[in-house]
Amino acid sequence: MSTTVALSSETGYVKFVAHIHRLCATSPSARANLRRAERRSPEEANAATHKVLARWLPRDPSPGRERAYYTVAALIAAQPTATHHRNNTITSPEAGGSEEPTTSPEITVPDEPTEAARWWELPTVGVSLARAAVSRPSQPQAINPHSAEQHLRVLCRQSLTGLHRHLPVVIRRLNEVNASPDWVRLLHDLCRWEHTPRLVAKEWLQDFYRTLIDLDPDTADNGE
């Protein structure tokens, strides 16, 4: 079997996301290199970024799928430092500062998909934006609902290239109110956008309106 990590399954997405969180928590230089990939295609990334990501990519990915991995890695790297430490599962001091943290069997990868939690059950960007638009005790700050809706509508109109260029603004806004997206679901949806953009956009929009009404019935559809 090749030493390249196979990422053709749901488990692969989870392991990739967990790896990027570990890397960002333990290696400032790797995190900086990943951040430089934001809004850039893989062809525009520097050698240091490829060094970090190459072994975690699927074999012969399509251009859209390859870019999904680079974008998600860059967006995770752009999160506040404290976020990476909360998501990092490595507790060994030997892991600090390494660009390739230990990946021994003892390391637990969180949230492995189970029969009851497949990718389609994970929250979409639409769900994240709706949750971010409703103030509650666990989230006193919130995005204005109209602003959240406009952010989503803009995303859903984008081509593949446009989506990757607009996402950082939306994700940064979510981070500001501690409502980061589910990275595994986002990676999966970005991989799908290349071939079924309208289907993914429909799911995001439906999830947004459904979640917003569930959380705040006063926002029920007024026909506009």
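The values are calculated or read from the model by the stated rules, or taken from the named source; none is laboratory data. Quick caveat, the model's predicted, so the values are computed rather than measured. Please note: Cβ atoms are built from the backbone with ideal geometry, for glycine as well, and neighbour counts cover all protein chains shown. In case anyone asks, the SASA skips ligands and DNA or RNA and just uses the protein heavy atoms, side chains included. Shrake-Rupley method; radii C 1.70, N 1.55, O 1.52, S 1.80 Å.
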Original post:
Considering only helices (runs of 4 or more DSSP H) fully contained in region 8-74, which possess at least 1 residues that are acidic (D, E)?
Top reply: 10-26
Original post:
Does region 46-67 contain at least one residue that is among the hydroxyl-bearing types (S, T, Y), surrounded by 14 or more Cβ atoms within 10 Å (Cβ to Cβ), at pLDDT 90 or above and closer than 25 Å to R192 by Cα?
Top reply: yes
Original post:
Going through region 180-199 one residue at a time, which ones are touching a residue at least 12 places away in the same chain (Cβ under 8 Å), hydrophobic (A, V, I, L, M, F, W, C) and open to solvent by 10 Å² or more (accessible area, probe 1.4 Å)?
Top reply: W183, V184, C191
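Could you list all residues from region 178-215 that are in contact with a strand residue (DSSP E or B) (Cβ under 9 Å, 6 or more places away or on another chain) and either of a type in the set (D, E, K, R) or within 20 Å of R35 (Cα to Cα) (or both)?
As a first pass, look at region 178-215 and keep what is in contact with a strand residue (DSSP E or B) (Cβ under 9 Å, 6 or more places away or on another chain): 178-179, 215.
Residues satisfying the conditions are N178, A179.
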Original post:
Does any residue of region 200-208 turn out to be at pLDDT 95 or above and surrounded by fewer than 17 Cβ atoms within 10 Å (Cβ to Cβ)?
Top reply: yes
Original post:
Given the conditions (1) at pLDDT 90 or above; (2) open to solvent by 10 Å² or more (accessible area, probe 1.4 Å), and given that S27 satisfies all but one, which numbered condition is not satisfied?
Top reply: (2)
**OP:** Would you kindly identify the helices (runs of 4 or more DSSP H) lying entirely within region 91-180 that contain at least 2 residues that are polar (S, T, N, Q) and modelled with pLDDT of 50 or more?
**Re:** 145-156, 160-176
